[in-house]
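S.K.: First, the structure itself, so that you have it in front of you.
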Amino acid sequence: MTAPTCLAPVPARVPAHARRLRPWVVALVAAAACLAPGGAGAAPPAADPYEAGRYAFRTWRDADGLPHNTVHSIALDRNGFLWVGTQDGAAFFDGRVWTPVVPPTRLRSNFVRAILTTDDGSVWLGTQAAGLARLADGAWSLFAAELPSQRVNALAAQRRRDGAQVVWAATHGGGVARFLDGSWTVFDTGSGLPADDVWALLPTTDDDGTPVLWAGTQNGLAVLRDGEHAFRQEDALPAISVNSFLETSEDSGSRALWVGTYGGGVYIRRRGAWSHLNRASGLASDYVTSLAAVRDNGKTAAVWVGTDGGGLSRVTGQGIDTVDADRGLPADAVYSLLATTAAEGVDGLWIGMRNGGLALLREGQWRRFSPVHDRPELPVTAILERRGSDGRATVWFGTDGGGLAHLADGEWHRHDTGLSGSADPIVQCLMETEEQGQRALWVGTRHNGVGRLAGGRWRWFSRRTGALPNDMVQALHATRGSDGATTVWVGTRGGLARYAGGRWEQFGPADGLPSGSILSFAPDGRVASGQAFWIGTADGLARWTGNAFETVDTTPLSNNAIQCLRETLGPGGQRFLWLGTDGGGLARLEVAATPPRWLVLTDESDPPLPNNTIYALVEDGAGRLYASTNAGVARLAATAPDGNAALAIETFTVHDGLPRNQGVRGAAMVDRRGRIWVGTVGGAAAFDPAQERADRAPKRLWLSATVNDARPARLLPHATLSYRRNNVTFSFALLSYFREGENRYRTQLAGLEDTPSPWTSAALREYAALPDGTYVFRVWGRDHAGNVTGPVELPFTVQPAPWRSWWFTLVLLALAAAAVHGIVRARERAHLRREHALEALVDARTRQLREANEILVDLSYVDPLTGVANRRRFDERLDAEWRRALRSGTPLSLVMVDIDHFKALNDTFGHQRGDECLRQVAQTLADSLPRVGDSVARYGGEEFAVILPATQRAGAVKVAENLRRRIEALGIPSTAASRFGVLTISCGVATLHPTSDRTPDELVHLADAALYRAKQAGGNTTRADDGEPTLASPSADL
C-alpha cells in the first residue's frame, strides 16, 4: 500500500464486511496521520478471504458468574486477579471462578462504573450513586460526603515527584477530586475544567518527567501539571464529550495521545500536532467509549477502539479493520477495554459490553468461516483456494447439506451443483485442474457422482453415465504426463475411476487395489508433477507406478482405513509418507528406507496424539504437519534436524478458535500465503502461522493457606501454630486466563515431604495433624504451553505438644519427687491425724503417680526410630482385636510387610540412610491406611505389621497392594540388587475368623508364610495366605 496523502470518505452504502476491509491506512509510525487509499482513482486491491473470517471470542455472562451482563470497567490487581465493574456489582476472576465482591454501599448503589487497583494492593470502586469504596487488607473504607458528587465515572492513580500516591476521581457534575495524604481536593470549572461532567482520566508525564493528568469532560479536554492549581484547556479540540484516553509509544521513541470522543471519533496528538479518525476514515462508529493498545515485542502492534453500537475497530499501520457482531463479537455496544500480556495471564484483549457480558479476544488464533449464513454450524467437508487471472484469491467450500459456496472480495456466493434440477447439497471433495489453458473445478458429491465446472458450464459424470463405479465420490486427484496432458482420478466407495483423453476407465481390487473404497491420495487434491502417486483405501495402502497398482505392506498399522495421506520431506532430506487412519492413529513411513521404517503415533505414544482418528493432513512453510482429528488439530514438529528424533505435538481446539474439535475427512488445505484451512463439523477455520504469538511467559501464581479448626483463620508467612491448631489447607491458582483447565500443579511440604509431588490438576492440598516442626510449603504451576512458575513458598512452624517438650520432663520428675516427699511427710504426721485423712492424702498422691506412669507407658508403646507402634504395642493390639473379632464374629486380617533388599541398602548407603528409609516407609504406611481402626507397627528390623479389623481377605489384599504401590511411588533410590531401581516392599496377607480353639499366633504364622512366598517371588509383590498370586508387581496385569 502506498503512503497516505489525504482524507477520503467511505462510500455511503457498502456491505459491512467490505467496509471492514477498506484499505484506509493509519500511519502509526509517521508524523502525518491522514488516511487514504493508494491514490485518487486507484482501484482497491482484492480483499483477502482470510480477513473475512470471524474472530474467536471467549465470553462470560451472568450464567458464568458475572454479576451483570453490562461491564463498565476492567482491571488487574497487584496479585494478577481480573476485576470487573458491572451495573450490579463487582467481581474478580482467578481463571476458574468469579467471586462477587459486596461493598458496604451495595444497598445504596451496586452499580460500579469504575475500578482502580493500586500498587499498595487496594481496590477502589466508583459507584453510580454512592461515591467511592476502597478495599484494603480485607477492610472497607467509604468516601461519599467528601466527594463533590456521588457518581464516579472514572478513577486513576499516579505518583508525584516526591513519591506520594495520588488517587483521582472523575465525578458527574462535580469535576475531579484528588485524594492525597488522607484528604480530598476538588477541581471544577472554577479550576479550569471545560465542564463538571468528567468521563475519563489519564495520568502520565511530560517529556521532562513532570506528572500530568489529562481529564476528558463533556465539553472537551484539559490537562493539569504537578504543582499547578488549575487545569489548562486543550483548545485544539472541539467542545465535545471526551470519554477515553490511551497513550502509545512510537517507533521513533516519542509518544502519542489518543482521545476517544462520543460523537466525534478519535483524535491523536503526536509531537504537539493533532490528527483525526472518524467513520469516514473507516472507524466502526464515531461514538467511541474505550481505547486499548496491543503490544508485540515491546512495540504497539494495534490500537483497539471500542464504540457504542459499532463494535470494535482495529487500527494498525496497514489500515482499519472492524470487528462487530457479524465477525463474532457478542455485542456491538462496547463499554470497556483492557489489553493484557502473556505474563499477566493471557496475551489478549478483554472487552466489556452492554448486555453482552465480558469477552476475551486473542489475536493470532484461528478464524472461523460459515459458508451458509442461515446454517452457521454446517459441516465443511472440502476447502480449495483458486486464483483468477487477475490474481484475486477465492476460497471454495464444500458442505454437508449446504452444497457449494465460495468467498471472494469479502462476499459469499452459493452454487447450484445440481443436474437437471436435482441438487445434491452434500459435497465431499474439491479439486482444480488446468486443461488446454482452461481451469476446471471438480466437485465430488456424496450421491450424484462428480461434476466439472469450466467456462461457467457444469458437466456431470456418474455411474448412470458409465463414468464411475459408484456415485459416492470420496477423493479426487490429478496427474500431468510428460506431454502436459492431465489425468483425473476419482476415488469412490465402489472403486477408482480414471479420466484421460476424454474417456473413463475403472479399477478395483481385481486390478491390485487393497479395497474398492478409495479414501485418499497423495499428493492430495493437487496436480502431481509425475505419474506415480499413493492411494489410501478402506483396507490398506497402494501405489500407482504409472503402469500398475502395487500394494504396500501396512502390518505396523492397527487400522488399515487410511483416511488421508501426505508426502513430506524431513529436515534431513528424507522422504516421508504420513498416513492418517480411522481410529488407529497417525503413521509415518520413510519411503526410501530398506527395510521400511515406520513410526506410529497414538494417544498412548510419547508424545501422545489428542485422538486416534485422523481426517486430514497438511504442512506449513516451516515443515510442521497439521493433523485434523476428533479432538482438535494436532501440530507436529521435529525436535532435531535428522527428523527421526522425538516429535513435539501441540493441539489447537475450540479454545484456540476452531468452531468444533471434530474434523472432516479430507477437509484441509494450505493457501498460497501459507495459512492453514480446515473443515470441521461446525464450520471452517483458518490459521496464519505468521501471526501466531508463542506463549513463553510464566504466569502469576497465587497461594493462600487456612488453619482449620473451630475458627478457621488465614495462615500468614512465618506464623507459629500451637500443637492443637495443626490442620492446614493450602489453595493455589495459576492466573492463566487461557486454557486454564490444562493448568497443572505440584507441591511439597518441606519438613514432611522429601520431594515434590507429581504434576496434577488439583489446586488444593490438605494436611491434618501435622507434627511439630518447621515447614515450608512450596507450589509450582505449569500452564497449557508448558511455562512453569514457582516455587511460591509459605514458611510456618508448628509448636510441640507439652508432653514432647523438655520442660514437661522436668515437671514429671518434680511431681515424682514431690509425691515421694509428700508420702514421707504424711507418714511422719500419721500419728497426728485421723486414719481417714491419712488415707485420703495417700490416695491423692498415688493418683498423681498413676497418671504420670500412664503417660510414661504410652511413650513406651512407640518405636523411637519410626514413630509408629512398637512390637509390644502390636502384641497387645493384636490380642485385643482377636478377642473383639471372636465376640463379634467378624474376620481379622493381618498384613506382614518387609522392605526388599534392605540389608544391601544398609551396606551400600550406610545405616543413617537405612534409618531414614525406615522412617519414610513407616510414615507412608501409616498415612495410607484407609480407616481409623487400622494400625501399623514395627514388627522388627525392616519388618512391619498392619492389623485390619473386620476386613475380608479381598479387602486386605487391596490395602496391601495400595501400600506396596505407595512405597514404590516414593521413588527412593535402591541398590543394584533391586530390579526395580527404587525401594520396594513385599506383603503377606492372612485372614482368619477367630474361634475359641485358635490363637492370634496362627494368624501371624499364616501372614509370615505368605510374606515368605512374596519374597521368594522376587519381591515388590503381594501374596495371600492361600498361596495363590493375587495383585502383584508392576509386571502383573492389574
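Since every read-out is calculated from the coordinates, none of them should be taken as a lab result. If you're wondering where the values come from, they're calculated on a predicted model, not measured in any experiment. Don't worry about glycine lacking a Cβ; one is built from the backbone with ideal geometry, like all the others, and counts go over all protein chains shown.
S.K.: Tell me, what is the FRET efficiency for LEU810 and THR890 to the nearest 0.05, using R0 = 35 angstrom and their Cβ-Cβ distance as r?
M.R.: Efficiency at R0 = 35 Å is approximately 0.15.
S.K.: Using a 7 Å offset from the Cα along the Cα-to-Cβ direction at both GLN165 and ALA622, what is the distance between the two label points in nm, to one decimal?
M.R.: So the two model labels end up 4.1 nm from each other.
S.K.: Something else now. Which GluC sites (Glu not before Pro) in region 338-437 sit in a loop by DSSP (not H, G, I, E or B) and have at most 14 other Cβ atoms within 10 Å of their own Cβ?
M.R.: Qualifying residues, ordered by number: GLU377.
S.K.: Using the Cα centre as the reference, give the magnitude of the dipole from point charges on the C-beta atoms of region 920-1027 (Lys, Arg: +1; Asp, Glu: -1; all else neutral), rounded to the nearest 20 debye.
M.R.: Computed about the Cα centre, the dipole is about 380 debye.
S.K.: Enter the angle in degrees (range 0 to 90, nearest 10) between the Cα long axis of helix 1000-1016 and the first principal axis of the Cα atoms of the chain, meaning the one along which they spread out most.
M.R.: Its long axis makes an angle of about 40 degrees.
S.K.: Then there's this: Among [x] 66, 51, 21; [y] 105, 53, 22; [z] 71, 36, 30, which one is semi-axes √(5λ) of the Cα gyration tensor in Å computed from these coordinates?
M.R.: The value computed from this structure is option [x].
S.K.: Hey, got a sec? Which GluC sites (Glu not before Pro) in region 589-627 land in a DSSP loop and have at most 14 other Cβ atoms within 10 Å?
M.R.: For GluC sites (Glu not before Pro) across region 589-627 that sit outside H, G, I, E and B with at most 14 neighbouring Cβ atoms in 10 Å, the list reads GLU604.
S.K.: Ok, one more. On a 0 to 90° scale, report how tilted helix 835-860 is relative to the longest principal axis of the chain, with both axes built from alpha carbons and the result rounded to the nearest 10.
M.R.: Once rounded, one gets 40 degrees.
S.K.: Using the 10 angstrom Cβ neighbour count as an exposure proxy, how do ASP553, ASP374, ASP409 rank, fewest first?
M.R.: Ordered by Cβ neighbours within 10 Å, fewest first: ASP374, ASP553, ASP409.
S.K.: Each residue of region 90-101 in turn: what ³J(HN,Hα) in whole Hz from Karplus with 6.51, -1.76, 1.60 and θ = phi - 60°, glycine and Pro shown as x?
M.R.: 10, 7, 10, 10, 10, x, 10, 9, 8, 10, x, 10
S.K.: For the chain, what is the number of Lys pairs with C-alpha distance below 30 angstrom, counting only pairs 8 or more positions apart or on separate chains?
M.R.: Counting lysine pairs in the chain gives 4.
S.K.: Also: Along the charge dipole of the chain, pointing to its positive end and built from +1/-1 on Cβ of Lys, Arg, Asp and Glu, which listed residue (ASN962, GLY175, LEU813) has its Cα farthest out?
M.R.: So the residue we want is GLY175.
S.K.: Once the other residues with Cβ under 14 Å from the Cβ of SER978 are scored (Lys, Arg +1; Asp, Glu -1), what is the net sum?
M.R.: Within the 14 Å Cβ shell, the charges total -1.
S.K.: What is the fewest-to-most order of HIS477, HIS406, HIS415 by other Cβ atoms lying within 10 Å of their Cβ?
M.R.: In order of increasing Cβ crowding within 10 Å: HIS415, HIS406, HIS477.
S.K.: Next up: Rounded to the nearest 500, what is the chain's calculated 222 nm mean residue ellipticity when only DSSP H runs of at least 4 contribute -39500 (n - 2.57) each, over all residues?
M.R.: Calculated from helices alone, the mean residue ellipticity at 222 nm is -4000 deg cm²/dmol.
S.K.: Right, here's the next one. About its Cα centre, how strong a charge dipole does the chain have in debye, to the nearest 20, once Lys and Arg get +1 and Asp and Glu get -1 at the Cβ?
M.R.: My answer is approximately 740 debye.
S.K.: Relative to the first principal axis of the alpha-carbon coordinates of the chain, what is the inclination of helix 871-888, with its axis defined by its Cα atoms, in degrees from 0 to 90 and to the nearest 10?
M.R.: Computed tilt is about 80 degrees.
S.K.: Kindly put LYS958, LYS699 in sequence by how many other C-beta atoms sit within 10 Å of each C-beta, fewest to most.
M.R.: Ascending Cβ contact count within 10 Å gives the list LYS958, LYS699.
S.K.: Here's something else I'd like to know. Which listed residue (ALA622, GLY403, LEU586) has the Cα farthest towards the positive end of the charge dipole for the chain, taking +1 on Lys and Arg C-beta and -1 on Asp and Glu C-beta about the Cα centre?
M.R.: GLY403
S.K.: Okay, next question. Expressed as a rounded percentage, what relative contact order does region 416-545 have, with Cα pairs under 8 Å and six or more residues apart?
M.R.: 17
S.K.: Give me the extension gain from ASP483 to ALA694: residue separation times 0.36 nm, minus the current Cα-Cα distance, reported in nm with one decimal.
M.R.: Extra length available between ASP483 and ALA694 comes to 71.3 nm.
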